[in-house]
Structure formats: structure tokens, C-alpha cells
1. Quick check: is even one residue across the range 279-290 touching a strand residue (DSSP E or B) at 6+ places or on another chain (Cβ under 6 Å) and in a helix (DSSP H, G or I)?
2. Scan Ser265, Ser243 and give me the residue that is surrounded by 16 or more Cβ atoms within 10 Å (Cβ to Cβ) and either at pLDDT below 90 or among the acidic types (Asp, Glu) (or both).
3. When you go through Arg305, Arg275 one by one, which is the residue that is within 30 Å of Phe67 (Cα to Cα), open to solvent by 60 Å² or more (accessible area, probe 1.4 Å), at pLDDT 85 or above and charged (D, E, K, R)?
4. Has the range 216-227 got any residue that is surrounded by fewer than 16 Cβ atoms within 10 Å (Cβ to Cβ), on the phi > 0 side of the Ramachandran plot and assigned to a helix (DSSP H, G or I)?
5. For the range 91-115, name all the residues that are surrounded by fewer than 17 Cβ atoms within 10 Å (Cβ to Cβ) and either more than 20 Å from Arg264 (Cβ to Cβ) or of a type in the set (Phe, Trp, Tyr) (or both).
6. Just one of the numbered conditions (1) of a type in the set (A, V, I, L, M); (2) open to solvent by 30 Å² or more (accessible area, probe 1.4 Å); (3) not in a helix (DSSP H, G or I) is not true of Leu79; which one?
Amino acid sequence: GDDGGVDAGAVAAIPIPASYEVDPTGQGLAALIASLCATVYASASDDRARARAALHAVYAKALAGDFFAARDGLLAAHLQDAVPSMDVPTQVLFNRCLAQLGIAAFRAGRFADAHSALSDLSGSGRVRELLAQGMAASRYRDQERTPEQEKLERRRQMPFHAHISLELLEAAHLVSAMLLEVPVLAAEAAGVGHGGLFRGDARPRRPISKPFRRLVDNYDRATFTGPPESVRDHVMAAARALSAGRWRDAAASLEVLPCWNLLRSEKPSVLARLRARLQREGLRAFMLSHGAAYSAVSLPGLAERFGLEEREVHAVLSKSMMDDGLPGAWDQPAACVVMRAPRPSRLQVAAAALAVRAAGLLDLNERALTLRTGGLREEDEGGEGGEGGGGRGEGRGRG
């Protein structure tokens with residue numbers, strides 16, 4: 001009745017299978033939700049019921065692991081612009097759809113899509129409130145909120161059995177951000193241009209994930225870092241290892257997270273995709289940060305070090321040469337990458353300018369000290385006198 005006058009008889013006529021509750025893949029539940037949504041589309045009298053039905057269909061597809069169908073359904077519904085003007089329960093449902101969509105993208109190995117879906121939720125710092133899984137923190141609460149509004153917000157909270165794991169959300173978001181940001185940070189630290197072969201002049205890229213970069217800065221400024229305990233600590237330890245090319249240490253730091261157990265039967269496949277991506281991103285980060293120290297790097301050696309096939313190494317480095325501005329070229333007969341001298345970084349240019357200015361100041365100070373002590377005048381007079389005396393002596397000798 002509150003969803004727009006949906007015909008209850010039409011919904012009740014749909015047979016509900018008894019086996020969908022134990023379906024491990026969720027495909028049976030997604031099919032049931034799709035049939036219910038078709039009935040709502042046909043009998044609903046307002047847009048709110050249709051929007052909520054579309055969001056429930058997207059949620060069921062994402063929960064079943066069908067990322068592409070869920071993404072296409074969300075884009076086809078055109079709800080992104082209309083959600084801010086909808087009621088609070090619909091907004092909560094939309095946020096939960098985004099969370100499940102990001103987890104589905106992470107399970108499918110689509111780390112860029114996972115970061116895009118989860119960045120707004122995880123970067124807000126109000127995940128519990130946005131998912132209706134907890135009250136807002138005291139610093140985010142409106143001071144003018146009435147007791148009735150507080151009571152209404154508590155009634156909107158989701159039951160515990162319907163909660164989405166916040167630890168899994170944080171792990172998916174931070175790991176996806178790490179895989180995207182670590183090669184960029186390695187290139188910036190080494191002063192390698194980001195313009196690439198077909199992108200013109202090298203310019204610094206905009207940060208892909210500002211929360212991740214903030215965590216990296218805090219982690220680097222820490223005086224002492226103990227063994228990792230939380231999800232953030234494990235991801236930061238993995239990021240430090242990956243930036244140095246130690247992908248095995250990064251994988252070992254991430255695989256011990258207990259939140260992967262929530263994936264159940266998909267855990268081995270998800271971790272396998274994660275390890276494969278860590279190998280490729282570790283190769284990129286290593287060549288961008290340490291490639292300038294070599295005159296040539298062997299292709300078989302890189303393949304053995306990062307556990308990849310030679311054709312994969314060739315593809316990753318070729319793409320890095322075009323997109324990241326890796327200063328190297330292939331020597332096909334020798335099966336190696338010949339490294340060229342990279343463009344000096346901003347730090348190197350600033351250091352060179354500082355050295356020139358310091359040399360100029362040193363010369364001015366020496367001249368000022370010499371003028372004060374009179375050494376420069378005596379040297380000049382002595383030089384002139386010697387030249388004059390030599391002239392007079394030569395005159396007397398000739399006379």
C-alpha cells in the first residue's frame with residue numbers, strides 16, 4: 001500500500017520456490033526478484049514504487065555476483081540525479097545498492113569499477129549512517145534534531161541480519177585504491193613523466209583516491225609502525241611492499257584479512273585475481289621507481305621475479321611506456337628493456353637551482369670578506385706594482 005498501490009493479488013500469484021533460500025549463487029533469488037519487479041512495473045501507480053523495485057533488482061543481481069547486469073540495470077534506471085530529492089528510505093536503498101555493486105565489481109576483478117562505486121561511500125566517513133546500520137557520529141549530528149527525528153532515524157535502521165560488512169567494504173575500497181595509486185605514486189617519486197607517448201607534455205595527475213593518499217602520508221610520517229592489526233594497517237603495509245616491487249609480501253599481508261572469509265566459495269578465485277593484479281602492478285611500480293638505476297633490464301629476469309609469463313611482462317611494460325611515460329625501449333633481439341635517462345624530477349631541478357644559488361652566495365661572501373680584510377686591494381696593488389717594476393727594470397736594462 002505504501003509503495004504506490006501495488007496489486008497484492010498479482011504479487012501473491014507469483015510462485016515462490018522453496019529452494020532459493022539455500023541457493024549459494026543467488027541466481028534463484030535474482031530471478032524471483034526480477035519476476036516480482038516485473039509485476040510492480042505493471043501495476044504500480046507512482047514513480048517511487050518503480051524506483052524502489054529497480055533498486056531491489058539491482059541489489060539482487062549484485063548480490064548474485066552479476067556485476068555487469070547490475071551496473072546496466074542501475075544505469076538504465078537513471079536514478080543517480082533523482083535520488084537526492086527522494087525520501088530517506090529510498091536513498092538508503094540506493095546507497096546499499098552502490099555498496100553491493102562495489103563488492104560485486106571487486107569479486108569480478110574489476111578494481112577500477114569497485115573503487116568508483118565505493119569511493120563516495122567510504123570517503124564520506126559516514127558509512128554506518130548512509131547504509132542505515134548505525135547512528136551518525138556526534139560530530140556529524142545536527143544539533144537541532146528533535147527527539148522525534150532521533151526516534152524516526154532509529155526506526156529506519158536495518159536489522160542485523162541484513163547488514164553489509166563494513167570491514168569488507170573498507171578492504172575492497174582500500175585495496176582497489178592501492179592498486180590504482182601505487183604505480184602513480186612510484187612514478188611521481190621517481191620523477192617519471194605521466195604524459196606518455198601520445199599525451200603531450202608530462203603533467204602531474206590528479207589524485208585518484210584522496211583518502212588513500214592521506215593514509216599513505218600519515219603512515220609515512222609515523223615514527224614507529226608496529227605489526228599490522230586493522231584493515232588499514234594491512235593495506236598500508238601491502239602498499240609499501242608493492243611500491244618496492246615485493247608483490248609476494250603485499251599478497252601475504254592482504255590474504256590474512258579475516259573479511260575474505262565472508263566471500264565463502266568465491267574466496268580462492270577472488271584472491272587469485274588479486275594476486276595476478278598485484279604481480280602486474282608490482283612490476284609497473286618497480287620499473288617506474290627503480291628502472292632508472294639500470295641501463296637495461298632482462299625480460300626473462302623480470303618474468304621470473306614477478307611470476308609472470310614473458311608476453312605478460314612485455315604487454316605490461318609496453319602499456320606503461322605509452323601511458324605512464326616509462327623511459328625505456330625494447331631491444332627485441334636481446335630480449336631486454338633499454339632504459340633511457342629520465343627527465344629530471346621537480347626535486348632534482350629545485351636541488352640544482354639551490355646549488356647554483358648557494359655557489360653564488362659563497363662567492364659574494366668571499367669577496368665581501370676579502371674587501372673587509374684588504375686582501376683584494378693588496379693583491380691588486382701587488383699585481384700592478386710587479387707589472388710596473390718589471391717595465392722599469394726592462395727600461396733600465398735597455399738604457
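The values are calculated or read from the model by the stated rules, or taken from the named source; none is laboratory data. On a predicted model such as this, the values are computed, not experimentally measured, just so you know. Backbone-built Cβ (ideal geometry, glycine too); neighbour counts: all protein chains shown. These accessible areas exclude ligands, DNA and RNA; they are computed on the full protein's heavy atoms, side chains included. Shrake-Rupley method; radii C 1.70, N 1.55, O 1.52, S 1.80 Å.
1. No, every residue in the range 279-290 fails to be touching a strand residue (DSSP E or B) at 6+ places or on another chain (Cβ under 6 Å) and in a helix (DSSP H, G or I).
2. Ser243
3. Arg275
4. Checked against the condition, which is being surrounded by fewer than 16 Cβ atoms within 10 Å (Cβ to Cβ), on the phi > 0 side of the Ramachandran plot and assigned to a helix (DSSP H, G or I), the range 216-227 yields no hits at all.
5. Selection gives Gln91, Ala112.
6. (2)
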